[in-house]
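Trainee: Handing you a structure now.
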Protein chains: 2
Amino acid sequence: MLLIRYPEIQSWAGLLKRPVMQAGDMDMVVGSILQAVQTSRDSALFEYTEKFDKVRLKDLRVSAKEFREADNKVEPGLKEAMATAYRQIETFHRSQLFKTEKIVTSPGVTCWQKAVPIQKVGLYIPGGTAPLFSTVLMLAIPARLAGCEEIILCTPPGNDGKINPAVLYAAGITGVTAVFKIGGAQAIAAMAYGTESVPPVYKIFGPGNQYVTTAKQLVSRHNVAIDMPAGPSELAVVADDTAHAAFVASDLLSQAEHGTDSQVILFTTSERMAGAVQREVGRQLERIPRKKIASASLENSRIFLLKDMDAVIGMVNEYAPEHLIIAAGEAESLAERIINAGSVFIGSYTPESAGDYASGTNHTLPTNGYAKAYNGVNMDDFVKKITFQQITREGLEKLGPTIMKMAVAEELQAHSNAISIRLKKKYD
Amino acid sequence: MLLIRYPEIQSWAGLLKRPVMQAGDMDMVVGSILQAVQTSRDSALFEYTEKFDKVRLKDLRVSAKEFREADNKVEPGLKEAMATAYRQIETFHRSQLFKTEKIVTSPGVTCWQKAVPIQKVGLYIPGGTAPLFSTVLMLAIPARLAGCEEIILCTPPGNDGKINPAVLYAAGITGVTAVFKIGGAQAIAAMAYGTESVPPVYKIFGPGNQYVTTAKQLVSRHNVAIDMPAGPSELAVVADDTAHAAFVASDLLSQAEHGTDSQVILFTTSERMAGAVQREVGRQLERIPRKKIASASLENSRIFLLKDMDAVIGMVNEYAPEHLIIAAGEAESLAERIINAGSVFIGSYTPESAGDYASGTNHTLPTNGYAKAYNGVNMDDFVKKITFQQITREGLEKLGPTIMKMAVAEELQAHSNAISIRLKKKYD
């Protein structure tokens, strides 16, 4: 990890720049996949699955039998762990359920919001090196809690035509209504447009590679909503002289093992800590199975040595990390000063791993600096807050002149007429 | 208005289709504007303003002097109306302020969300036929309430180089930090990338034509967040035999006058009411200044005569209108059954105009069927809900085995190590 000492404030934005992803060709490639699925529907899905996942499927939808087989394959200890994580995630997300409150904004004028579940949602779970059943929990538990009627899930099959048993088991316990063996941009297309097998949904959630992300962005322009733009995962750690270098190193490595494009950054006020963490990272790196991936991502990683905690907080807020661990004295008061981050982990016994699996917070979080404007997935994402208003004749008599004045000033006479016609005559 | 009698349920989706907007060329045209602003910055903005708004400006930013002039020009009655609307909107939006609640998800594990304002937001206010100062109120009041530090506003100048005084006055009273005389896609580019005059923002809000909407969608792929995709405005009215035809007609016309692409739909169970509303629309249409616009939009409008309220509610939820007025007996219980709509107006004395200006609800709402997945602008839009978690050593001892089990099953050993290293050693 490259150590950068006391950078000038003017250089921060430049030093914190993420690698830029090229999108030009991606749009063309993904656009043609979307087009093909829109036109040829299931038959396009079968073809892409044969091409990309190297398997010729008979059915896109996972059968009841396959669910039962998965259930038999998942070991009891893992089932128990998932049950614990389920309870944790459910407890925190349940606390976010929106409660309607009717507000009388003036006499006779009552306004309120009501959270109504999005009826049909689609979850995308990537395939690849690790079976991300934890992401199934993170997306399906709140969808279920919100009351979404249809919760479908797409994930690419292995070349044996099967889905990882733990992923299927997680889908089963969270009440996912149907699982489809479809990956990549074609899965996003299927959920956006619908095919013979796959019902169309109103909102698509979940992480994925650049093809998946591009597909989500393209379909969101016309057809469906998406959770947020996704990018490579990130962790920033704030550590002062009181931190435990071995803990910090283990956190940095837990992020670095995600992928070669992961970013990890240490912000510290202690040159001693910077050195100790570097040594610990080197030591611990030797012992992890995904050493090669972690080494590559450490190449792009940085340690910033800064003169005080004000500079640290300033630079963290400029970076807007997806995950932020604060391993420092006064961790709580430092946490209060964070204005741009996805999820914050306070103190030495709160590793990022905890939030990835089981503290209860959601692990679907904004990356790539989007934490300046977006938050992670929460219960708001699975509902629409519809506004309602109810006005009495007396309320309208009082508020009507205001409305008419403004409507006429905006040159919208018919808007004013809708008031005057009600106030002139005494219907009811 | 075309009357369609008792359509079969299978035909609903087809009958409710909105006109499709073509986006192909739009992307090219808008893309080149975005590119020019990114490269040539202010000088591109001056050129586009000369080209599109027919005025050569010296300064893009509205001066203090211009604000004072605007203040003098707005008549006291309108100022008073805006003050009333301000209070109404503020009251409802203040009730939405998020309150942090710390949740103990298991002993020693505490999770919470905190709403932190998005520091820099940009508002776009269209020019064109009507000066939309009400939209300034609808966007700037919640931005201010949320605590956004920088609230900038772009709106195209008239060919005299001036901004409508009511728009400037509204910007002044809501605490907008800077107003720029920039319209169209170039305004969106300026706020996304920043120029010499215009600071870049993290999120862009506001309505606009197809160029503006396309620009918002394109910049949202890489740089900033946006409020929602926008389309032509819409109103659906549910009316039974107890409704007042004259009121219903006035509501339909208030929507129809917005633009030639506006959509208005009447859903009714009463053939008599259908006829009465048609006659009333004809009569009232003669008396409004924007008759030509309203007539054109009525061409695309429909009356659906349905056999009962179940069918009405079903078809409304299929359509997912931006605005919905329920002018029927049992309006409240019908409102409870609405699952897809932007904003709902209950009863005969609750016209859409009220919500457009002063009931307190926000008038920036999802159109084009997006109400199935999106809600209108509310306080959530101006903040990020950052998640925090704090775990004690005892809490981690309890939850650690769950996390380790799951991490290892996902083949992420370093995630597990971040737990085991903390549990093995007894630091601190």
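The values are calculated or read from the model by the stated rules, or taken from the named source; none is laboratory data. Every value quoted in this text rests on a predicted model; they were computed, and no experiment measured them. Methodologically, a virtual Cβ is constructed for each residue, glycine included, from the backbone with ideal geometry; neighbour enumeration extends over all protein chains shown. Remember, those area values only see protein heavy atoms, side chains included, never the ligands or the DNA or RNA. Shrake-Rupley method; radii C 1.70, N 1.55, O 1.52, S 1.80 Å.
Trainee: On average, how many beta carbons from a partner chain sit within 10 Å of the beta carbon of a residue in B:110-118?
Mentor: 6
Trainee: Using Cα positions and a limit of under 12 Å, work out the aspartates and glutamates in reach of A:LYS114, with same-chain residues fewer than 8 apart set aside.
Mentor: Hits, sequence-local ones excluded: A:GLU101, A:ASP380, B:GLU336.
Trainee: Can you give the convex hull volume of the alpha carbon atoms of segment B:283-428 per residue, in Å³?
Mentor: Per residue, the Cα convex hull of segment B:283-428 comes to 245 Å³.
Trainee: Relative contact order for chain B: what percent, with Cα pairs under 8 Å and sequence separation of 6 or more?
Mentor: Relative contact order comes out at 20 percent.
Trainee: Just grab the label-to-label distance for B:THR39 and B:GLU332, each label 7 Å out from Cα along the Cβ direction, in nm (one decimal).
Mentor: With each label placed 7 Å out from Cα toward Cβ, I get 6.2 nm.
Trainee: Taking Cα pairs under 8 Å and at least six residues apart, what relative contact order does segment A:23-230 come out at, in percent?
Mentor: About 27 percent, as a whole number.
Trainee: Rounded to the nearest 10 Å², what accessible area does A:GLU196 show when all protein chains are kept and the probe is 1.4 Å?
Mentor: Approximately 120 Å² of A:GLU196 is accessible to the 1.4 Å probe.
Trainee: Moving on to the next point. Using amide H atoms built 1.01 Å from N in the peptide plane, name the residues 5+ places from A:VAL238, or on other chains, whose amide H lies under 5 Å from its own.
Mentor: For A:VAL238, the qualifying residues are A:PHE267, A:ILE325, A:ILE326, A:ALA327.
Trainee: Oh, and also: What is the magnitude of the charge dipole of chain A about its Cα centre, with +1 placed on the Cβ of each Lys and Arg, -1 on the Cβ of each Asp and Glu, and no other charges, expressed in debye to the nearest 20?
Mentor: With Lys and Arg at +1 and Asp and Glu at -1, about 1240 debye.
Trainee: Still on this structure: Under the Kirkwood approximation for Rh and a Cα-based Rg, what ratio Rg/Rh is obtained for segment A:91-200?
Mentor: Reported Rg/Rh (Cα atoms, Kirkwood Rh): 1.14.
Trainee: Hey, in the GNM for chain B with a 10 angstrom Cα cutoff, which one of B:LEU365, B:LEU153, B:LEU57 fluctuates hardest?
Mentor: Evaluated over chain B, the most mobile residue of the options is B:LEU57.
Trainee: What number does segment B:290-369 give for Rg over Rh if you use C-alpha atoms and the Kirkwood radius?
Mentor: Answer for segment B:290-369: 0.97.
Trainee: Let me ask you something else. Loop only per DSSP, at most 12 neighbouring Cβ atoms within 10 Å: give me the GluC sites (Glu not before Pro) in segment B:327-357, ordered by residue number.
Mentor: Within segment B:327-357, the qualifying GluC sites (Glu not before Pro) (loop, at most 12 other Cβ atoms within 10 Å) are B:GLU330.
Trainee: If you don't mind, there's one more thing I want to ask. At 1.4 Å probe size, with no ligands or nucleic acids counted, give the accessible surface of A:ARG144 in Å², nearest ten.
Mentor: Rounded to the nearest 10, that gives 130 Å².
Trainee: For segment B:204-298, what's the relative contact order in percent, using C-alpha pairs closer than 8 Å and at least 6 residues apart?
Mentor: About 28 percent, as a whole number.
Trainee: How far apart are the A:ASN209 label points across copies, placing each 7 Å from Cα toward Cβ, in nm, shortest first?
Mentor: Reported distances to equivalent positions: 4.2 nm.
Trainee: Sticking with this one: Gaussian network model of chain B, Cα springs within a sub-10 Å range: biggest mean-square fluctuation belongs to which of B:GLY147, B:GLY329, B:GLY108?
Mentor: It is B:GLY108.
Trainee: Looking at segment B:23-230, send over the antiparallel percent of its DSSP beta bridges, to the nearest 5.
Mentor: Of those bridges, close to 20 percent are antiparallel.
Trainee: Calculate the tail of P(r) for segment A:1-147: the fraction of all Cα-Cα distances greater than 24 Å, expressed in %.
Mentor: So the pairs more than 24 Å apart make up 65 percent of the total in segment A:1-147.
Trainee: Let me ask you something else. Just to confirm the numbers: B:LYS398, label point 7 angstrom along the Cα-Cβ line, distances to the other copies in nm, shortest first?
Mentor: 5.0
Trainee: While we're here: Give the distance, in whole Å, between the Cα centre of segment B:11-84 and the Cα centre of segment A:45-124.
Mentor: The two parts, judged by their Cα centres, are 40 Å apart.
Trainee: State to the nearest 20 debye the size of the charge dipole of the protein assembly as shown about its Cα centre, where the only charges are +1 on K and R beta carbons and -1 on D and E beta carbons.
Mentor: In debye, rounded to 20, the protein assembly as shown gives about 120.
Trainee: With a probe of 1.4 Å, find how much accessible area the protein assembly as shown has per residue, and write the answer as a whole number in Å².
Mentor: Accessible area per residue, the protein assembly as shown: 37 Å².
Trainee: In peptide B:224-233, what is the residue-averaged number of other protein chain Cβ atoms found within 10 Å of each Cβ?
Mentor: 2
Trainee: Ok, one more. Would you kindly work out the equivalent ellipsoid of chain B from its C-alpha gyration tensor and give its semi-axes, the square roots of five times the eigenvalues, largest first in whole Å?
Mentor: Square roots of five times the eigenvalues give 41, 33, 21 Å.
Trainee: Roughly what % of DSSP beta bridges within chain A run antiparallel, to the nearest 5?
Mentor: 25
Trainee: Report the trypsin sites (Lys or Arg not before Pro) located in segment B:265-374 that are in a DSSP loop and have at most 16 other Cβ atoms inside 10 Å of their Cβ, or state none.
Mentor: Within segment B:265-374, the qualifying trypsin sites (Lys or Arg not before Pro) (loop, at most 16 other Cβ atoms within 10 Å) are B:ARG287, B:LYS307, B:ARG337.
Trainee: Related question: Could you name the residue in chain A with the C-beta closest to the rotation axis that superposes chain A on chain B, along with the separation in whole Å?
Mentor: With distances in whole Å, chain A gives A:ASP380, 3.
Trainee: For segment B:302-313, in order, what is each residue's ³J(HN,Hα) by Karplus, 6.51 cos²θ - 1.76 cosθ + 1.60 with θ = phi - 60°, in whole Hz (x at glycine and Pro)?
Mentor: My calculation for segment B:302-313 gives 9, 10, 9, 9, 10, 6, 7, 5, 4, 5, 4, 4 Hz in order.
Trainee: Assuming R0 = 60 Å, what is the FRET efficiency of A:ASP308 and B:LEU3, from their Cβ-Cβ distance, to the nearest 0.05?
Mentor: According to the calculation, E is roughly 0.25.
Trainee: Given a cut-off of 16 Å, what percent of all Cα-Cα pairs of segment B:15-81 lie beyond it?
Mentor: Within segment B:15-81, distances greater than 16 Å cover 69 percent of Cα pairs.
Trainee: Using the Kirkwood radius over C-alpha pairs as Rh, can you work out the diffusion coefficient of the protein assembly as shown via Stokes-Einstein at 20 °C, viscosity 1.002 mPa s, in µm² per second?
Mentor: After rounding, the answer is 76 µm²/s.
Trainee: Between their Cα atoms, which of A:LYS102/B:LYS99; A:LYS51/A:LYS291; B:LYS181/B:LYS291; B:LYS102/B:LYS203; A:LYS102/A:LYS203 are more than 21 Å away from each other?
Mentor: As for pairs spanning more than 21 Å Cα to Cα, those are A:LYS51/A:LYS291; B:LYS181/B:LYS291; B:LYS102/B:LYS203; A:LYS102/A:LYS203.
Trainee: What FRET efficiency do you get for A:ARG94 and B:ASN72 if R0 is 41 Å and r is their Cβ-Cβ distance, rounded to the nearest 0.05?
Mentor: That gives a FRET efficiency of 0.15.
Trainee: Roll a 1.4 angstrom probe over the protein heavy atoms and tell me the percent of accessible area of segment A:23-230 that is carbon or sulfur.
Mentor: The value for segment A:23-230 is 50 percent carbon and sulfur by accessible area.
Trainee: For segment B:265-335 and segment B:160-220, compute the distance between their C-alpha centroids and round to whole Å.
Mentor: Distance between centres, Cα-based: 35 Å.
Trainee: I've got another one for you. Taking amide hydrogens as modeled 1.01 Å from N in the peptide plane, which residues meet the under 5 Å criterion relative to A:LYS384, leaving out close sequence neighbours?
Mentor: The list, which skips near neighbours in sequence, is A:VAL116, A:ILE118.
Trainee: Could I ask something else about it? Give or take rounding to whole Å, what are the principal axis extents of the alpha carbon atoms in segment A:194-269, in descending order?
Mentor: Cα spread of segment A:194-269 along its principal axes, largest to smallest: 59, 20, 16 Å.
Trainee: Where in segment A:40-58 does the amide nitrogen come within less than 13 Å of the point 7 Å from the Cα of A:LYS65, taken along Cα to Cβ?
Mentor: Under cut-off, by backbone N: A:58.
Trainee: Can you send over the solvent-accessible area of A:SER420, 1.4 Å probe, protein chains only, in Å² to the nearest 10?
Mentor: Here the accessible area works out near 30 Å².
Trainee: Nearest 100 Å² is fine: what is the total accessible surface buried where chains A and B meet, probe 1.4 Å?
Mentor: 10900
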